[in-house]
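Here the structure comes first, spelled out in structure tokens, and everything after it is commentary.
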Amino acid sequence: MNDWVLLGILIVVVGFALRLNPLLVVTVAALTTGLIAGKGLLQVIAAFGKAFNDNRFVTIIYILLPVIGLLERYGLQQRARTLIAGMRGATTGRLLIAYLFFRQITASFGLTSIAGPAQTVRPLVAPMAEAAAEKQAPTIDEAGRERVKAYAAATDNVGLFFGEDIFIAIGSILLMVGFLEQNGIKLAPLQLSVFAIPTAVLAFLIHATRLLLLDRSLAKRRVQEAGE
Amino acid sequence: MITLTWLYVLIGVMFAAFALLSVSDRSNGKRFGNAAFWGLIAVSFFFGDFLGDLGNGVLVLCLVGLAGFGALGRGNPPTTSAEERAASSERRGNRLFLPALVIPITALLGTLVLKNSGWIDPKQATLISLGAGVLIALAIGYAWLRPPLLAPLQEGRRLMDSVGWAAVLPQMLAALGAVFALAGVGEVVGGIATHVLPQGSLVAAVALYGIGMAVFTMIMGNAFAAFPVMTGAIGLPILIHQYHGNPAAVCAIGMLAGFCGTLMTPMAANFNIVPAALLDLKDRNAVVKAQVGTAIPLLACNLLLIYFLAFR
């Protein structure tokens, strides 16, 4: 066992902190770690290439871009904004809470790919959240818009992560079943997935509270403007 | 039977088109860099299974060379103006949502209906149905909107250029994880975790397991990589065997503690960096920053849940 292999982790942390190009940082970290562990350069490059090829499925999602781009060309984002702007009582927080609920419920039935940053957040959820924020705080600045959009993407992640583990055939549950079986503990997927429910409920409560606080900070901005 | 390979060919065609359209985009001073980058990704999707491990490794190094030394720019594909979009949105109304909704609905129906039909690989039913949904949505888009022939590819390239090199970061990080596994990084981290654990304290063991899951997930960008390491080092020998914790509660909630780590790290690029790029956010870490306030209290909740649910 060679403790110096941890140098790779240090390279990643320092490289990201210095805002160097992440692809370069990751490659240098991988080559360094492999060489320190006593592997040959070609062996490390081959292992790197094999895993890159085996993981092509994470890049599948860009297949959606031509459709999303085409619809944007004909005003999809504008439409999403108009829809929310005409809705009484629609606020950024309430909208995102509804989306969080939708995402958690669908993910808990294993429908993880029907929504996501390319599928729903960029074309629909982010412009809707932005339109609601414009109603709440008409003179919202660029930083405020960025924050609202970032919250839209964050809500998608929270909903996905803390919904999907309730589904019994999701990758992480199957990984746990396999790991425990290797170690002599036999469990059915359902026995594991029920323990995801309390965290799912708490995730909803915590994130929903933060979304309501986001609403309050937008409302406060409006009051300040009125006072000026 | 339709397998994932069919979908890879379709994606290869799309990236090859992005590459060709990039070459002819004279408004982008770095058009050859973009063309080479998207072209190499097309090669990866077409021929990845035939290049051999070393061949794929060299392909990755070329991608890194292009991205790392600033060879990528941003093209300016022909598109509509803001006024044209507003007018089109006004004229077409809420029907504009329909083609976008076709994709998830097809993915849903395909997963439910076609999974055991024998026509498609049942393990990849959702992703293949998603691909089919894209083709159906494009067909509807062409028939209804009558765009120029290349418009979907040009608009797709516009979005792809805004994502840029971040598009392959998730694959790169998975590859880094594989090298870490090869080098035994997990065992070293697990050994350290066991060393710092004070003997005889259940509270400390639960905290170390849950926080360890989160921190190691932040380093690896993936809770799946952290789980076997932390559970092998602490969860199994100490929480389950020594303190007789319920294995289902320890593991299931431990994994969710890891997910809290995923919310807090740029290493989980597909969840945290790619969305920031897709939304054109100036701060690459804006999504992570929006998530930390949820992740930390939720991690604390998970520690309490392990403590109270696994050791009743």
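Per the Debye formula on identical point scatterers at the alpha carbon atoms of the stretch B:82-147, with no solvent, log10 I(q)/I(0) at q = 0.14, 0.21 Å⁻¹ is -0.50, -0.81. Neighbour counts of other Cβ atoms within 10 Å put B:MET1, A:MET176, B:MET264, B:MET213 in the fewest-to-most order B:MET1, B:MET264, A:MET176, B:MET213.
Separation of the alpha carbons by more than 32 angstrom is noted, of A:LYS186/B:LYS123; B:LYS30/B:LYS115; A:LYS50/B:LYS30; A:LYS39/B:LYS115; B:LYS123/B:LYS289, for B:LYS30/B:LYS115; A:LYS39/B:LYS115; B:LYS123/B:LYS289. Pull out a ≥ b ≥ c, the square roots of the eigenvalues of the alpha-carbon gyration tensor of the stretch A:30-160, then state rounded if a/c is under 1.5, prolate if not and a/b is larger than b/c, and oblate in the remaining case. Verdict is prolate for the stretch A:30-160. Highest GNM mean-square fluctuation among A:ILE60, A:ILE185, A:ILE11, for chain A modelled with Cα contacts below 10 Å: A:ILE11.
Compactness of chain A, taken as the C-alpha radius of gyration over 2.2 N^0.38 Å, stands at 1.29.
If each residue's Cβ is checked for other Cβ atoms within 10 Å, how do B:MET255, A:MET87, B:MET14 rank with the fewest at the top? Don't jump to the answer; show the numbers that get you there.
Values: B:MET255 28, A:MET87 15, B:MET14 24.
The order, fewest Cβ neighbours first, is A:MET87, B:MET14, B:MET255.
Relative intensity of the stretch A:126-205 on a log10 scale, I(q)/I(0) at q = 0.11, 0.12, 0.16 Å⁻¹, equals -0.47, -0.52, -0.69, per a Debye sum over C-alpha point scatterers of equal strength in the absence of solvent. Using the alpha carbons alone, the radius of gyration of the stretch B:5-99 stands to its Kirkwood radius in an Rg to Rh ratio of 1.13.
The smallest convex shape that holds all Cα atoms of the protein assembly as shown, its convex hull, gives 160 Å³ per residue. Across every direction, the projection of the convex hull enclosing the Cα atoms of chain B has a mean area of 20.2 nm². Here is the P(r) of the stretch B:119-236: all C-alpha pair distances, binned every 5 Å from 0, give 2, 9, 13, 12, 11, 10, 10, 8, 8, 7, 5, 3, 2, 1, 0 in whole percents. Straight-distance candidates among the lysines for linking to A:LYS135, with alpha-carbon spacing under 21 Å and chain neighbours fewer than 8 residues away dropped: A:LYS149, A:LYS220.
Ratio of Rg to Rh for the stretch B:254-310, alpha carbon only, Kirkwood? The Rg/Rh ratio comes out at 1.10.
Which residues make up the longest stretch of chain B that has no chymotrypsin sites (Phe, Trp or Tyr not before Pro) in a DSSP loop with at most 16 other Cβ atoms within 10 Å? Can you show the working numbers first?
Working: sites that count: B:PHE69, B:TRP119, B:TYR243, B:PHE311.
The longest uninterrupted stretch comes out as B:120-242.
Contact order, relative form, for chain A: 19 percent (alpha carbon pairs under 8 Å, 6 or more residues apart, mean separation divided by residue count).
Once you have a ≥ b ≥ c as the square roots of the Cα gyration tensor eigenvalues for the stretch A:3-54, tell me rounded if a/c is under 1.5, and otherwise prolate or oblate according to whether a/b is larger than b/c. Before the final figure, lay out the partial values.
Values: a/c = 2.66, a/b = 1.31, b/c = 2.02.
Oblate, because a/c is 1.5 or more while a/b does not exceed b/c.
Would you order B:ARG312, B:ARG91 from fewest to most other beta-carbon atoms within 10 Å of each residue's own beta-carbon? Intermediate values should be presented prior to the final figure.
Working: B:ARG312 7, B:ARG91 11.
Least to most surrounded, the residues fall as B:ARG312, B:ARG91.
Scattering from the stretch B:188-312 was approximated by placing one identical point on each alpha carbon and applying the Debye formula without solvent; log10 I(q)/I(0) at 0.18 1/Å stands at -0.85.
Grab the DSSP H runs of chain A that are 4 residues or longer, score each as -39,500 (n - 2.57), total them, divide by all residues and round the 222 nm result to the nearest 500 deg cm²/dmol. Mind dumping the intermediate values first?
Details: 11 runs with 158 residues, N = 228.
Helices in chain A give a 222 nm mean residue ellipticity of -22500 deg cm²/dmol.
Which is the longest stretch in chain A that no exposed loop site breaks, taking sites as trypsin sites (Lys or Arg not before Pro) with a DSSP loop state and at most 12 other Cβ atoms within 10 Å? Mind dumping the intermediate values first?
Details: sites that count: A:ARG19, A:ARG88, A:LYS186.
The segment A:89-185 is the longest one with no such site.
Every number here is computed from the coordinates shown, using simple stated rules; none is lab data. What you are looking at is a predicted structure, and each value in this text was computed from that prediction instead of being measured. No Cβ is skipped: glycine too gets one built from the backbone with ideal geometry, and neighbour counts run over all protein chains shown.
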